[in-house]
Structure formats: C-alpha cells, structure tokens
Amino acid sequence: METNGGRERMVHEGQGRRTQSDRDAITVEIGYALFSAAFAAAAVFGVVAGPALLFALPGGVERALVLCGLALAAPLFAVRVV
C-alpha cells in the first residue's frame with residue numbers, strides 16, 4: 001500500500017480505489033484523445049475533400065472526393081481514439 005495525501009491505496013494497477021488525481025488524469029487523457037482524433041480526422045477530410053468544396057469540379061469527382069475523405073477520416077478518428 002501507498003499513502004497519498006492521507007489516503008491509502010494499492011500500488012498495483014487494477015486493485016483498490018482510484019484517487020481523485022488518478023480520475024482527473026484519466027479524464028484529461030480521454031479529452032485529449034477525442035480532441036486530437038477530431039482534429040486529425042478534420043485535417044484529413046479537408047485535404048482530401050477540400051478541392052471538391054472549393055472548386056467547381058464535375059459532380060462525380062466532387063462526390064468521389066467527399067466519399068474518400070469520409071472513408072479515410074472516420075477510421076482515422078476511431079484508431080486515434082483507441
């Protein structure tokens with residue numbers, strides 16, 4: 001056992017209760033993972049589908065670029081969060 005701020009907790013991971021600072025650290029890590037995943041997915045979508053949104057391209061090309069952007073951004077988001 002380890003004493004931290006007057007509270008005892010188990011040293012081994014997965015045993016005992018988490019302290020407030022442990023829970024706060026996990027919350028920050030989750031928030032960072034979600035934010036960075038959203039940013040990366042938006043960047044990839046913008047790079048791939050950006051020309052279709054900025055320029056007047058033929059309909060099939062615009063649709064293909066947007067779909068490819070979505071097809072790359074969605075799995076990237078999931079992989080980055082995990």
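The values are calculated or read from the model by the stated rules, or taken from the named source; none is laboratory data. Here the structure is a predicted model, which means the values were calculated and not measured. Using ideal geometry, Cβ is built from the backbone for each residue, glycine included, and neighbour counts are taken over all protein chains shown. With ligands, DNA and RNA removed, areas are computed over all heavy atoms of the protein, side chains included. Shrake-Rupley method; radii C 1.70, N 1.55, O 1.52, S 1.80 Å.
Here are the numbers for this structure:
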item	result
Tally, over the stretch 45-77, of residues that are in contact with a Phe, Trp or Tyr (Cβ under 9 Å, 6 or more places away or on another chain) and open to solvent by less than 50 Å² (accessible area, probe 1.4 Å)	3
Odd one out for A33, checked against (1) surrounded by 10 or more Cβ atoms within 10 Å (Cβ to Cβ); (2) aliphatic (A, V, I, L, M); (3) at pLDDT below 90	(3)
